[in-house]
Amino acid sequence: MDDRQFRTAMGKFATGVTVITTEVEGEVHGMTANAFMSVSLDPKLVVISIGQKARILEKIQESGIFTVNILAADQQEMSMIFAGQIKNRKVTFDRLDNKPVLSGAVAQIACEVSAEHVEGDHTLFIGKVTDIHLEEKDPLLFYSGKYRSLEKEETAVS
Ligand code: FAD
């Protein structure tokens, strides 16, 4: 199995898109990530997976906090800014539980790092959720290497 086949297979899992943020000495750093999931309801825990080369890795280790901002359909530009595909854009941040969050996101989730696990070339951070803010908007989706949006037809899950 080669790397490309693995990447292609993983890309077949349709996801939302998040921007993870953290803050060290008043400086906010963000990174686009789709490796995010809910872990536990009691206590409320989530997990993110950060590549070893990402600059945000050390910053989360230093600050001990992060936020997950689930992007709205109209925030593809934010995804590109925080994936390094659009350069030198000034972004201003709101605050939730005194942590930096992106305004206009479908969900803002503030976390404290409760555990860290190095697995291969990524580090998994378990976050204890300290606060949440929600907005009624459609999410941005990512599938097979492309941004997508929800179609209007809905199927009920029973
Ligand atoms: P940096 O280069 O440090 O930061 C990324 C970009 O964000 C830079 O251009 C920087 O200028 C900008 N930026 C940072 N802070 C600010 C700020 N305060 N104001 C304005 N701009 C700022 N990688 C993973 O490790 N895990 C994932 O789950 C993951 N999922 C991804 C999903 C998608 C859809 C995409 C497109 C990419 C994903 N990546 C993921 C890759 C990751 O987003 C990039 O590799 C990223 O550039 C690496 O982060 P960094 O902290 O090293 O980058």
Enter the accessible area of LYS137 (Å², nearest 10), with the probe set to 1.4 Å and all protein chains included.
-> 70
Choose one of THR21, PHE6, ILE56: the residue whose Cα lies farthest towards the positive end of the charge dipole of segment 1-153 (beta-carbon charges +1 Lys, Arg; -1 Asp, Glu; about the Cα centre).
-> PHE6
Of all the accessible heavy-atom surface of the chain, with the other protein chains kept in place and a 1.4 Å probe, what percent is carbon and sulfur?
-> 50
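Which loop-located GluC sites (Glu not before Pro) does segment 76-158 contain, where loop means any DSSP state but H, G, I, E or B and the Cβ has at most 14 other Cβ atoms within 10 Å? Present the calculation step by step, with values, prior to reporting the outcome.
Working: sites: GLU77, GLU112, GLU116, GLU119, GLU135, GLU136, GLU151, GLU153, GLU154; in loops: GLU135, GLU136, GLU151, GLU153, GLU154.
Loop-located and lightly packed - GLU135, GLU136, GLU151, GLU153, GLU154.
With every protein chain present, what is the per residue accessible area of segment 3-149 (1.4 Å probe, Å²)?
Ligands and nucleic acids excluded, the figure is 59 Å² per residue.
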Spatial separation of Cα centroids for segment 74-147 and segment 1-65, in angstrom | 8
When the helices in the chain are scored as -39500 (n - 2.57) per DSSP H run of 4 or longer and the sum is shared across all residues, what 222 nm value do you end up with, to the nearest 500 deg cm²/dmol?
-> -4000 deg cm²/dmol
If you bin every alpha carbon distance in the chain into 10 Å steps from zero, what whole percent lands in each bin?
-> 10, 39, 37, 13, 1
Residues whose placed amide H lies under 5 Å from that of VAL17, excluding near-sequence neighbours = LEU71, LEU140
Order of exposure, largest accessible area first, which applies to THR92, THR21, THR8 with probe 1.4 Å | THR92, THR8, THR21
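Report the net charge of residues surrounding GLN52, where surrounding means a beta-carbon distance below 14 angstrom and charges are Lys +1, Arg +1, Asp -1, Glu -1.
Values: positive: LYS53, ARG55, LYS59; negative: GLU58, GLU116, GLU119, ASP121.
Once positives and negatives cancel, what remains is -1.
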Show the residues, 5+ positions off or on another chain, whose built amide H is closer than 5 Å to the amide H of ALA83.
-> THR32
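The values are calculated or read from the model by the stated rules, or taken from the named source; none is laboratory data. Predicted, not measured: the structure shown is a model, and the values here were computed from it. Cβ atoms come from the backbone with ideal geometry, glycine included; neighbour counts cover every protein chain shown. Each accessible area value is taken on the protein alone, full model and side chains, heavy atoms only, with ligands, DNA and RNA left out. Shrake-Rupley method; radii C 1.70, N 1.55, O 1.52, S 1.80 Å.
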